[in-house]
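Worksheet for the structure shown next.
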Amino acid sequence: MRYPTLVPKRLCKTDIRLEINREGLTEDGEPLEPVIYEGKCNYQDRARTVLTAEKKLVEVTGTVLIPGDPCPELPVISGGKAFILGSKRRIQQGRKARNPDSTVNYTEVLLI
């Protein structure tokens, strides 16, 4: 059975490049090369004000929605970098929304 995606490709018009960190080390003790994804996404910005002891800080965050699975070789997305709309952002967390048959319907990536 084929499930309809909750993030239709026709709504994904923003170019993105993700460099998703992989867990573990090489034989030389260096971090593994990141998984690279380049494609289109649905991107939503938002700003949040955080009050610190010294001053007020505005933190820009964003949500990226990608139809399907941009990194099927990784079970989870735990960190990395995103290049979107001319800026570099850090991946805070990722979530793969699954269908009942365990295929990935869409992937949500939170950026800071």
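The values are calculated or read from the model by the stated rules, or taken from the named source; none is laboratory data. This is a predicted model, so every value here is computed, not measured. Backbone-built Cβ (ideal geometry, glycine too); neighbour counts: all protein chains shown. The protein model used for the area step is the full one, side chains on, heavy atoms only, and it has no ligands, DNA or RNA in it. Shrake-Rupley method; radii C 1.70, N 1.55, O 1.52, S 1.80 Å.
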Open item on the list: If you take Cα extents along the principal axes in Å from the coordinates, which of (i) 55, 42, 26; (ii) 45, 28, 22; (iii) 49, 28, 26 do you get?
Closed with: (i)
Task: Phi-based couplings in Hz for the stretch 37-53 (Karplus 6.51, -1.76, 1.60; Gly and Pro marked x) - done: 10, 10, x, 9, 8, 9, 10, 10, 8, 7, 10, 9, 9, 10, 8, 10, 5
- [ ] Amide H neighbours of ARG98 under 5 Å, at least 5 residues apart or on other chains, H built in the peptide plane: list them.
- [x] ASN105
- [ ] Classify the stretch 29-69 as rounded, prolate or oblate from the Cα gyration tensor: take a ≥ b ≥ c as the square roots of its eigenvalues, call it rounded if a/c is under 1.5, otherwise prolate when a/b beats b/c and oblate if not.
- [x] oblate
Task: ARG10-ILE36 FRET efficiency (beta carbon distance; Förster radius 22 Å; 0.05 resolution) - done: 0.35
Task: Dipole magnitude of the chain, debye to nearest 20 (Cβ charges: Lys/Arg +1, Asp/Glu -1, about Cα centre) - done: 800 debye
Open item on the list: Could you report the stretch 1-75's accessible area per residue, 1.4 Å probe, as an integer in Å²?
Closed with: 75 Å²
Open item on the list: Which of rounded, prolate or oblate describes the stretch 1-55 when judged by the alpha-carbon gyration tensor and an a/c cut-off of 1.5?
Closed with: oblate
Open item on the list: Please report the carbon-and-sulfur percent of the accessible area for the chain; probe 1.4 Å, protein heavy atoms only, DNA, RNA and ligands left out.
Closed with: 51 percent
Open item on the list: Along the Cα→Cβ direction, 7 angstrom out, place labels at SER102 and GLN44. What is the inter-label distance in nm?
Closed with: 3.0 nm
Task: Rounded Å value of the spacing that divides the Cα centres of the stretch 1-51 and the stretch 67-100 - done: 3 Å
